[in-house]
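Visitor: This is the structure I have questions about; it appears just below.
The values are calculated or read from the model by the stated rules, or taken from the named source; none is laboratory data. Since this is a predicted model, take the numbers as computed values, not measurements. Methodologically, a virtual Cβ is constructed for each residue, glycine included, from the backbone with ideal geometry; neighbour enumeration extends over all protein chains shown.
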Ligand code: GRF
């Protein structure tokens, strides 16, 4: 199998706990990768503080005039920064914008996302709340490649959690996040080990 140290670029808008799980896995020696760059569309996002704490280059990416997507000049700047940093794998970690085809074309089958539900159920925002409101008895998280749809790309790893009767959106999200922090490093490890075989929209894990 062809193994390769991943050169990761992270896009995030929030607390960055998923990015932290990736950094922790690298430091623990369970993931052969380095985080080369962290970009956030939110100037004071905690993910930038975390990056600074680990001496990872990071920037605020001004995405105006767009509110919900990464497009236009910001998208071009994002691609430029990622390429300049030598990134070969882009991970969305709580990035609250739709990414457009130019970014996907710049990193073919190398843009990943983590979604806080078992896709294809509950795509879109606040997926844990959607699962709770729907009355689902299990939920979880999904690591998947990003395609041009919203949370529709091929699935690499999924983890389940129970939905409890006394759950609130916060308690359910917290339980899902515990699994996210296992699933993202695991998906990336499979990728770095060359074990993720994409067959159309189905993914086979080799070995
Ligand atoms: C996670 O629940 C992730 O699944 C979703 O946004 C949240 C980001 O959390 N896409 P964090 O910023 O990684 O802590």
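Visitor: One residue is enough: does the range 7-14 have a residue meeting the conditions out of contact with any strand residue (DSSP E or B) (no Cβ under 7 Å at 6 or more places or on another chain) and either in contact (Cβ under 8 Å) with a residue 40 or more places away in the chain or in a loop (DSSP other than H, G, I, E, B) (or both)? Break it down stepwise before answering.
Guide: Pass one, the range 7-14, residues out of contact with any strand residue (DSSP E or B) (no Cβ under 7 Å at 6 or more places or on another chain): 14.
Of the ones still in play, those that are also either in contact (Cβ under 8 Å) with a residue 40 or more places away in the chain or in a loop (DSSP other than H, G, I, E, B) (or both) are 14.
Checked against the condition, which is being out of contact with any strand residue (DSSP E or B) (no Cβ under 7 Å at 6 or more places or on another chain) and either in contact (Cβ under 8 Å) with a residue 40 or more places away in the chain or in a loop (DSSP other than H, G, I, E, B) (or both), the range 7-14 yields at least one hit.
Visitor: A follow-up question, please. Identify, by number, the condition in (1) within 14 Å of the ligand (Cβ to nearest atom); (2) under 30 Å from residue 86 (Cβ atoms); (3) in a loop (DSSP other than H, G, I, E, B); (4) touching a helix residue (DSSP H, G or I) at 6+ places or on another chain (Cβ under 8 Å) that residue 153 doesn't meet.
Guide: Result: residue 153 fails condition (4) only.
Here is a yes/no grid of residues against (1) in contact with a helix residue (DSSP H, G or I) (Cβ under 7 Å, 6 or more places away or on another chain); (2) more than 17 Å from residue 136 (Cβ to Cβ); (3) at pLDDT 95 or above; (4) buried (at least 17 other Cβ atoms within 10 Å of the Cβ):
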| residue | (1), (2), (3), (4) |
| --- | --- |
| 163 | yes, no, yes, yes |
| 169 | yes, no, yes, no |
| 190 | no, yes, yes, yes |
| 198 | no, yes, yes, no |
| 204 | no, yes, yes, no |
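Visitor: Mind checking which pairs have a first residue in the range 34-56 that is without any contact (Cβ under 8 Å) to a residue 40 or more places away in the chain and a second that is assigned to a loop (DSSP other than H, G, I, E, B) and more than 12 Å from the ligand (Cβ to nearest atom), Cβ under 6 Å, 6 or more apart or different chains?
Guide: Short answer, once both residue conditions are applied: 35/56; 38/56.
Visitor: Given the criterion within 12 Å of the ligand (Cβ to nearest atom) and in a loop (DSSP other than H, G, I, E, B), identify the matching residue among 38, 42, 23.
Guide: Testing whether each residue is within 12 Å of the ligand (Cβ to nearest atom) and in a loop (DSSP other than H, G, I, E, B) leaves just 42.
Visitor: Name the residue that is nearest to the chain's Cα centre (by Cα), counting only residues in the range 105-139 that are closer than 18 Å to residue 182 by Cα, more than 10 Å from the ligand (Cβ to nearest atom) and not in a loop (DSSP other than H, G, I, E, B).
Guide: 112
Visitor: While we're on this one: Name the single residue that is nearest to the chain's Cα centre (by Cα) among those in the range 56-104 being within 16 Å of the ligand (Cβ to nearest atom) and part of a loop (DSSP other than H, G, I, E, B).
Guide: 93
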